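These notes are about the structure you will find just below.
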Amino acid sequence: MHDDSKKGQIDSEELFKKFMYIMCDKESEKTYRLKSNAGEGIMRTHGIAPKIELIYSELESYYPMVKAEQEAFEYIEIMYMLDGHAEFEMENRRIASADKGDVCLFYSRLGARGTTFGEGGIRAISIVFEPDALREELNRFFSTKEFTDKPLFEYVLRSDSVVTMVASEMLKNTFTEIISVPEEYGEYHRKLLTLKAILALVDKRDDKSVDFRYFSGDASSKVHSARKLLGENIASDLSVEELADHVKLNRTTLQRVFKQMYGVTIFEYRTRIRMQEAKNLLLDDTITITEISGMCGYTNASKFSAAFKKYFGVTPKEWRHISFTNRL
């Protein structure tokens with residue numbers, strides 16, 4: 001007899017093997033390195049129950065898996081951002097962003113066009129599951145039939161983008177515990193903590209912390225252009241109004257979307273790139289500190305030195321001395 005329930009399902013282990021090299025293969029834990037066509041980084045997976053997996057990721061870049069494969073494997077992913085910044089572009093051109101401490105919920109049927117990570121990549125913990133398999137496991141584990149009345153994670157299934165929210169303290173603590181479980185009975189600790197995290201997120205319809213943080217592809221493209229302008233004009237004091245005029249975007253929208261995409265304000269971002277450039281220039285002892293201050297957009301050396309010390313804890317002169325001493 002033909003079983004339609006199996007139609008279109010792909011074993012997640014086979015999916016991993018297709019796009020990654022396996023580095024470590026234990027009974028309850030597997031570690032993979034992404035192949036070049038899938039990105040750069042590693043993923044470590046733990047089987048929690050049939051069609052429910054826990055995945056720890058350290059990624060510098062990632063490209064969505066072949067769409068035909070992705071569409072055939074229906075799942076929901078809960079991702080907790082341990083560190084870093086990420087942007088997700090969906091097939092419908094919606095753009096969503098997430099930063100350290102955020103929880104993102106994805107539905108595979110929506111489909112992703114691409115992902116972009118901030119400098120240094122991301123570290124994340126994901127719980128990946130098929131909705132029907134999760135319902136069966138919750139009923140079995142808790143000896144109940146309660147998880148049958150309505151679709152689990154209905155608010156995710158109905159969303160037209162990634163659902164992003166700031167993790168509660170309980171969720172932060174739960175995910176932190178997941179990556180530091182004791183070796184003895186670690187498999188059981190991980191299962192308990194994984195189910196705890198899932199239950200905390202099953203129904204968030206009335207939770208004010210839920211943030212449908214997405215914006216149009218057009219707004220995203222214009223904010224990318226604004227960020228590029230800042231990088232190309234470090235010495236210039238472009239105002240927010242001038243930036244908004246350059247990229248043809250409303251000032252308020254530019255400020256809001258910039259903060260959502262990059263996790264910092266426009267002013268904070270400009271300070272960051274100026275300080276990074278200053279460090280690079282200070283390695284060249286043929287350039288004076290006064291010259292560097294002008295090259296980094298400061299009207300005088302004393303203001304530059306004060307900003308540098310506030311950012312790094314040492315003056316430019318002290319940092320230059322330390323860097324040259326370390327090179328000897």
- In this structure, does ASP203 turn out to be assigned to a loop (DSSP other than H, G, I, E, B), farther than 16 Å from ILE55 by Cβ and in contact (Cβ under 8 Å) with a residue 12 or more places away in the chain? yes
- Only one of (1) at pLDDT 90 or above; (2) touching a Ser or Thr at 6+ places or on another chain (Cβ under 7 Å) does not apply to MET165, and that is (1)
- Item | The lone exception for GLY120 - which of (1) modelled with pLDDT of 85 or more; (2) not in a helix (DSSP H, G or I) it fails | (1)
- Message: Considering only residues that are charged (D, E, K, R) and either assigned to a strand (DSSP E or B) or at pLDDT 80 or above (or both), which ones fall in the range 58-89?
- Response: GLU58, GLU60, GLU74, GLU77, ASP83, GLU87, GLU89
- Restricting attention to the range 197-207, which residues are surrounded by fewer than 16 Cβ atoms within 10 Å (Cβ to Cβ) and at pLDDT 90 or above? LEU199
- Message: Just to check your reading of the model, which residue among VAL210, VAL257 is modelled with pLDDT under 85 and touching a helix residue (DSSP H, G or I) at 6+ places or on another chain (Cβ under 6 Å)?
- Response: VAL257
- Go through the range 146-166 residue by residue and tally those that are under 19 Å from TYR107 (Cβ atoms) and outside any helix (DSSP H, G or I). 13
- Message: I need the helices (runs of 4 or more DSSP H) fully contained in the range 212-318, keeping only those with at least 3 residues that are closer than 30 Å to MET165 by Cα and outside the structural domain of ARG93 (by TED's automatic domain parsing).
- Response: 217-232, 240-247, 251-262, 266-282
- Are any of the residues in the range 123-138 loosely packed, with under 12 Cβ neighbours inside 10 Å and assigned to a loop (DSSP other than H, G, I, E, B)? no
- Being surrounded by 16 or more Cβ atoms within 10 Å (Cβ to Cβ), in a loop (DSSP other than H, G, I, E, B) and touching a Pro at 6+ places or on another chain (Cβ under 7 Å), is that true of even one residue in the range 90-101? no
- What about TYR262, is it surrounded by 15 or more Cβ atoms within 10 Å (Cβ to Cβ) and touching a residue at least 60 places away in the same chain (Cβ under 8 Å)? yes
- Starting from residues that are surrounded by fewer than 14 Cβ atoms within 10 Å (Cβ to Cβ) and within 25 Å of ALA133 (Cα to Cα), keep the ones in the range 18-57 and report whichever is modelled with the highest pLDDT. PRO50
- Task: Kindly list, by first and then second residue, each pair from a residue in the range 295-308 that is aromatic (Phe, Trp, Tyr) to a residue that is surrounded by 16 or more Cβ atoms within 10 Å (Cβ to Cβ) and not in a helix (DSSP H, G or I), limited to pairs with Cβ atoms under 8 Å and residues at least 6 apart or on different chains.
- Result: PHE304/CYS296; PHE304/TYR298
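The values are calculated or read from the model by the stated rules, or taken from the named source; none is laboratory data. If you're wondering where the values come from, they're calculated on a predicted model, not measured in any experiment. Note that we place each Cβ from the backbone using ideal geometry, even for glycine, and neighbour counts take in every protein chain shown.
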